[in-house]
Every structure is written in structure tokens, then in C-alpha cells.
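**Q** Before anything else, here's the structure in question.
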Amino acid sequence: MTIELSREHLQAICSHAESAYPQESCGLVLGLVRGDSKTVVEVLPTENAWDEEAMQAFQAIEPLAKLGETKRGNYAIAPADMLKAHKVARDRKLVIVGIYHSHPDCAAIPSEFDRQVAWCEYSYIIVSVCSGKAVEVNSWRLDDEREFQSEEIENYSKNR
């Protein structure tokens with residue numbers, strides 16, 4: 001499986017991650033699925049909605065997870081933002097193909113909590129931001145055993 005992103009989309013994701021530092025950024029990517037490839041058509045940055053209520057809701061899903069109370073090590077996308085993205089995607093004949101978020105001063109690899117709350121149909125783009133600068137971007141997807149596998153990121157020209 002691959003995910004195709006234009007330079008502009010990749011830059012939008014990295015810029016959002018850098019502007020949110022030292023907190024985690026998050027957002028949605030809309031696009032098309034063709035066979036084993038996802039093509040990103042639009043990036044929708046969202047606000048990191050992590051708060052006490054989100055922490056309690058996620059703790060109910062994964063009681064053993066060690067969740068922090070701050071946006072520095074956690075992110076959540078508000079249900080209203082997910083609903084809005086689904087409507088935008090539907091109106092444009094697209095689908096949500098993935099979710100992106102950043103890892104401040106950490107590697108661009110999924111945490112155990114990321115794995116526990118991930119959905120199989122989405123790609124998970126993670127940006128490592130060190131000292132305010134995006135230094136690495138990786139994409140991941142869940143396999144049939146609910147383990148993350150690396151997903152190749154291909155760059156494409158939006159004008160093709």
C-alpha cells in the first residue's frame with residue numbers, strides 16, 4: 001500500500017506540525033483510493049481537541065494506557081470535525097484516507113496508544129518535530145493483526 005502526497009500537501013502537514021510545537025498537531029487527509037494506492041487531494045488541519053474529557057473517553061477505551069493530560073503527548077480530533085470532514089469528502093466525491101499528527105521531540109513512529117485507537121481503513125501520517133522543526137515524516141497502516149506496517153509515501157505533482 002502506498003499513499004501519494006504532493007509537495008504542497010506534505011508542506012501543509014509539516015507547517016501545521018511546526019506551528020503547533022511543542023504540542024501535537026492533528027488533521028485529516030481526504031482523497032481517493034485506487035487499488036493499493038491512496039491519493040491525497042486535500043489536507044484539513046484540525047484543532048487538537050485533547051482535554052480532560054477526551055482523556056477520560058480514551059481511558060475508557062484503553063484502561064491500561066498511560067495517558068497524559070496535555071496536548072504535548074496526545075491528540076484528539078473532535079467528533080464535530082470528523083463529521084464536517086465526512087461531509088466535505090462526500091460533497092467532493094472523496095473519502096477520508098487518513099489522519100495525521102505530530103510527535104514533538106519524538107520519532108515518527110506510532111505509539112501503542114496510537115495503535116489501540118487506530119482504524120484499519122486509514123493511513124496514519126506522523127511528523128517528528130524536533131525543536132520546532134519537522135525532521136521526519138512516515139505513514140503507517142494497520143494490518144489484519146492490528147499491527148502498524150510502514151506505508152510508502154510517494155510524491156506527485158498536483159498538475160498531473
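**Q** Over the chain, what portion of Cα pair distances is larger than 28 Å, expressed as a whole percent?
**A** Counting pairs separated by more than 28 Å, the tail of P(r) holds 15 percent.
**Q** While we're looking at this one, here's another question. Which of the trypsin sites (Lys or Arg not before Pro) across segment 1-66 are loop residues per DSSP, with 15 or fewer other Cβ within 10 Å? Walk me through the numbers before you get to the answer.
**A** On the way: sites: R7, R34, K38, K66; in loops: K66.
Of the trypsin sites (Lys or Arg not before Pro), the ones in loops of segment 1-66 whose Cβ has at most 15 other Cβ atoms within 10 Å are K66.
**Q** Highest mean first, how do 22-32, 45-55, 137-147 rank when packing is the count of other Cβ atoms within 10 Å averaged over residues? Mind showing how you got there, number by number?
**A** On the way: 22-32: 21.9, 45-55: 16.9, 137-147: 14.7.
Listed from highest to lowest mean packing, they are 22-32, 45-55, 137-147.
**Q** I need to check one value: relative contact order of segment 73-160, counting alpha carbon pairs closer than 8 Å and at least 6 residues apart, in percent.
**A** Working: 121 pairs, mean separation 19.2, N = 88.
So the answer I get is 22 percent.
**Q** Nearest 20 debye, what's the magnitude of the dipole of the chain about its Cα centre given +1 on Lys and Arg Cβ and -1 on Asp and Glu Cβ?
**A** It works out to roughly 660 debye.
**Q** Summing +1 for each Lys or Arg and -1 for each Asp or Glu, what net charge is found among the other residues whose Cβ lies under 11 Å from the Cβ of L142?
**A** Here the count lands on -4.
**Q** Using a 1.4 Å probe over the heavy atoms of the protein chains, calculate the carbon and sulfur portion of the accessible area of the chain as a whole percent.
**A** Numbers: 4450 of 8660 Å².
The nonpolar share, carbon plus sulfur, comes to 51 percent.
**Q** Note down the relative contact order for the chain as a percent, whole number, built from C-alpha pairs under 8 angstrom at least six residues apart. The partial results should precede the final answer.
**A** On the way: 329 pairs, mean separation 44.1, N = 160.
Relative contact order for the chain comes out at 28 percent.
**Q** Classify segment 1-74 as rounded, prolate or oblate, taking a ≥ b ≥ c as the square roots of the eigenvalues of its Cα gyration tensor: rounded when a/c is under 1.5, otherwise prolate if a/b is larger than b/c and oblate if not.
**A** On the way: a/c = 3.00, a/b = 1.65, b/c = 1.82.
Oblate.
**Q** Run the helix sum for the chain: -39,500 (n - 2.57) per DSSP H stretch of 4+ residues, divided by residue count, reported at 222 nm to the nearest 500 deg cm²/dmol.
**A** Details: 4 runs with 43 residues, N = 160.
Computed ellipticity for the chain at 222 nm equals -8000 deg cm²/dmol.
The values are calculated or read from the model by the stated rules, or taken from the named source; none is laboratory data. Every value quoted in this text rests on a predicted model; they were computed, and no experiment measured them. Backbone-built Cβ (ideal geometry, glycine too); neighbour counts: all protein chains shown. Please note that ligands, DNA and RNA were not included when accessible areas were found on the heavy atoms of the full protein model with its side chains. Shrake-Rupley method; radii C 1.70, N 1.55, O 1.52, S 1.80 Å.
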